[in-house]
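Notes follow once the structure below has been shown.
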Amino acid sequence: MLKIQEIREIIKLVDGSSINEFTYEAEGTKIKLKKTAAAPSEAVAADAAPAAPQTPAPAPAAPAAPQAPAAADKGAEEAAAPDTANANMHKILSPMVGTFYQSPSPEEAAYVQVGSKVGAEQVVCIVEAMKLFNEIEAEVDGEIAEILVKDGQLVEYGQPLFLVKAN
């Protein structure tokens, strides 16, 4: 029987390929995958949902001290500014659960750094899952604005890895 991580890996591999339908059968287990147009909008909706709970967090800090409202307002303005800036950015998301690596090996330089110009099919990092090293591509032409995870960090499916200022 397949483990959930193996199923997720198969889903990501099919999703990242040009295959529209995939069937797998082994030892009494059958998996059938079909791509639909609804999948990208679900990913966007899932991406938007985690951002909402983070914005109310500064609000409870404001009533804590009488002299803090000016500072809290400034903090709220600063918090709003990155959200506005992030709206114009493309997020490169992790297509799977795994370990994030910025370079092909510890001895080599990182694929990209903040300020690096990237092409849509340029490799920006590797996510290792189940001893497989999966190259992650930029998906858009632009400039790396921010690297959101550290080298060697565990990442989740759909977790933003980079912000790219698209051309």
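What distance in nm separates the two pseudo spin-label positions at Ile10 and Lys131, each 7 Å out from Cα along the beta-carbon direction?
1.9 nm
Contour minus end-to-end for Val114 and Lys34, with contour as 0.36 nm per residue of separation and end-to-end as the Cα-Cα distance?
25.2 nm
Could you state the per residue volume, in Å³, of the convex hull enclosing the Cα atoms of segment 90-167?
Residue-normalised Cα hull volume stands at 73 Å³.
Could you give the size of the charge dipole of segment 90-167 about its Cα centre, using +1 on the Cβ of each K and R and -1 on the Cβ of each D and E, expressed in debye and rounded to the nearest 20?
Approximately 180 debye in magnitude.
Once the piece of chain linking Ala166 and Ile19 is laid out straight, how much longer is it, given 0.36 nm per residue of separation minus the C-alpha distance between them?
50.2 nm
Using the beta-carbon distance between Leu154 and Glu27 and R0 = 25 Å, what value does 1/(1 + (r/R0)^6) give for FRET efficiency, to the nearest 0.05?
Taking R0 as 25 Å, the efficiency between Leu154 and Glu27 is 0.25.
Which order do Met89, Met96 fall in if you start with the one that has the fewest other Cβ atoms within 10 Å?
Starting with the residue having the fewest Cβ neighbours, the order is Met89, Met96.
Using the structure shown, select from Lys34/Lys91; Lys91/Lys131; Lys3/Lys30; Lys12/Lys35; Lys3/Lys131; Lys30/Lys131 the pairs with a Cα to Cα distance greater than 22 angstrom.
Those over the limit are Lys34/Lys91; Lys91/Lys131; Lys30/Lys131.
Bear in mind that the values in this text are calculations on the coordinates, not laboratory data. Since we're looking at a predicted model, the values are computed, not measured. Every residue, glycine among them, receives a Cβ derived from its backbone with ideal geometry; neighbour counts consider all protein chains shown.
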